[in-house]
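Student: If you scroll down you'll find the structure; I have some questions about it.
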Amino acid sequence: MAISKEELIKLLNNDLEKEYGAAIQYINHAAVMTGAQFGDIIKELKVHANEEIAHAIVLADQISYLGGKPSVDVSKINIDADNVKMLEQDLAGEEDAIVRYKARVEQAEELKEFALSQQLRNILAMEQEHAMDLEQALGK
C-alpha cells in the first residue's frame, strides 16, 4: 500500500524530533565526557551535534515544502555517567537513524519526491559516517 504525503510528513516530523534530540544528546555527551583517551571522540561529538542541527534544518524545510508544519518537539535524550555507555547510546541512535532514513528514501521516491529523496540520501550518508566514528571509538 502506497504511503500518503500526510503519512510521510508525519514520519519526517518524527525524524526531525529525533534530530533535535540527537543534537542535544551529542552536546551533553561532549560536555560531560572525560578522559584523555576520549579526547578525539569528544571533538567528533561536537561536529556530530552541528551536523544533526543541519539535518534538522533540511528536514524542517522539506516538511514545510511538502505542506506540513515542522515539529518543535524533541525526542527522548539519553544520558549516562559512563563514557562508554554514552557512546553506545549515540551509536544506537545512529543505527536507528540509518534504518529510518533508508525507509524514508524509499517512501520519498514512491511519492516521486526525488529532491527530498536526495536530501535524505545526504543525511543517510552522514549518519553512516557518524556510526563509523562511534564504532571506531568503541573499538568495534
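The values are calculated or read from the model by the stated rules, or taken from the named source; none is laboratory data. Small disclaimer: the values here were computed from a predicted structure and weren't measured. With ideal geometry, Cβ positions are generated from the backbone for all residues, glycine too; neighbour counts draw on all protein chains shown.
Student: Mind checking which residues of segment 21-72 are more than 28 Å from Leu11 (Cβ to Cβ) and either under 12 Å from the mean Cα position of the chain (by Cα) or among the aromatic types (Phe, Trp, Tyr) (or both)?
Tutor: Residue satisfying the conditions is Phe38 alone.
Student: Quick one: Ser117 ticks every box in (1) free of Cβ contacts under 8 Å to residues at least 24 places away in the same chain; (2) within 14 Å of the chain's Cα centre (by Cα) bar one, so which box is it?
Tutor: Against the list (1) free of Cβ contacts under 8 Å to residues at least 24 places away in the same chain; (2) within 14 Å of the chain's Cα centre (by Cα), Ser117 comes up short only on (2).
Student: Counting just the residues of segment 50-73 that are among the aliphatic types (A, V, I, L, M) and crowded, with 20+ Cβ neighbours inside 10 Å, which one comes out nearest to His29 (Cα to Cα)? Show your work before the answer.
Tutor: Taking segment 50-73 first, the residues among the aliphatic types (A, V, I, L, M) are 53-54, 56-60, 63, 66, 72.
Among the residues that remain, those that are also crowded, with 20+ Cβ neighbours inside 10 Å are: 56, 59-60, 63.
On the way: Ala56: 19, Leu59: 24, Ala60: 25, Ile63: 29 Å.
Among those residues, the one meeting the criterion is Ala56.
Student: Follow-up question, since we're still on this one. State yes or no: is Glu127 loosely packed, with under 15 Cβ neighbours inside 10 Å, touching a helix residue (DSSP H, G or I) at 6+ places or on another chain (Cβ under 9 Å), among the acidic types (Asp, Glu) and assigned to a helix (DSSP H, G or I)?
Tutor: Numbers: loosely packed, with under 15 Cβ neighbours inside 10 Å: no; touching a helix residue (DSSP H, G or I) at 6+ places or on another chain (Cβ under 9 Å): yes; among the acidic types (Asp, Glu): yes; assigned to a helix (DSSP H, G or I): yes.
Criteria not met by Glu127.
Student: Right, next: Looking at Lys85, Lys112, Lys102 in this structure, which one is among the charged types (D, E, K, R), under 22 Å from Gly139 (Cα atoms) and either free of Cβ contacts under 8 Å to residues at least 24 places away in the same chain or part of a helix (DSSP H, G or I) (or both)?
Tutor: Lys85
Student: What residue, of Ala56, Ala97, Ala60, is in a helix (DSSP H, G or I) and in contact (Cβ under 8 Å) with a residue 60 or more places away in the chain?
Tutor: Values: Ala56 fails: in contact (Cβ under 8 Å) with a residue 60 or more places away in the chain; Ala60 fails: in contact (Cβ under 8 Å) with a residue 60 or more places away in the chain.
Being in a helix (DSSP H, G or I) and in contact (Cβ under 8 Å) with a residue 60 or more places away in the chain holds for just one of Ala56, Ala97, Ala60, which is Ala97.
Student: To continue, here is another question. Got a sec? Which of Ala103, Ala108 is surrounded by fewer than 15 Cβ atoms within 10 Å (Cβ to Cβ), over 30 Å from Phe38 (Cα atoms) and either small (Gly, Ala, Ser) or at pLDDT below 95 (or both)?
Tutor: Values: Ala108 fails: surrounded by fewer than 15 Cβ atoms within 10 Å (Cβ to Cβ).
Exactly one of Ala103, Ala108 is surrounded by fewer than 15 Cβ atoms within 10 Å (Cβ to Cβ), over 30 Å from Phe38 (Cα atoms) and either small (Gly, Ala, Ser) or at pLDDT below 95 (or both), namely Ala103.
Student: Among (1) among the basic types (Lys, Arg); (2) over 27 Å from Ala137 (Cα atoms); (3) in a loop (DSSP other than H, G, I, E, B), where does Lys10 come up short?
Tutor: (3)
Student: Being farther than 30 Å from Gly139 by Cα and at pLDDT below 95 is true for just one of Ile57, Ile3, Ile63. Which residue is that? Talk me through it step by step, then tell me what you get.
Tutor: Numbers: Ile57 fails: at pLDDT below 95; Ile63 fails: at pLDDT below 95.
Going through Ile57, Ile3, Ile63 in turn, just one is farther than 30 Å from Gly139 by Cα and at pLDDT below 95: Ile3.
Student: Based on what the data block shows, is Gly21 surrounded by fewer than 16 Cβ atoms within 10 Å (Cβ to Cβ) and either in contact (Cβ under 8 Å) with a residue 12 or more places away in the chain or touching a His at 6+ places or on another chain (Cβ under 8 Å) (or both)?
Tutor: Values: surrounded by fewer than 16 Cβ atoms within 10 Å (Cβ to Cβ): no; either in contact (Cβ under 8 Å) with a residue 12 or more places away in the chain or touching a His at 6+ places or on another chain (Cβ under 8 Å) (or both): yes.
So Gly21 does not fit the description; no.
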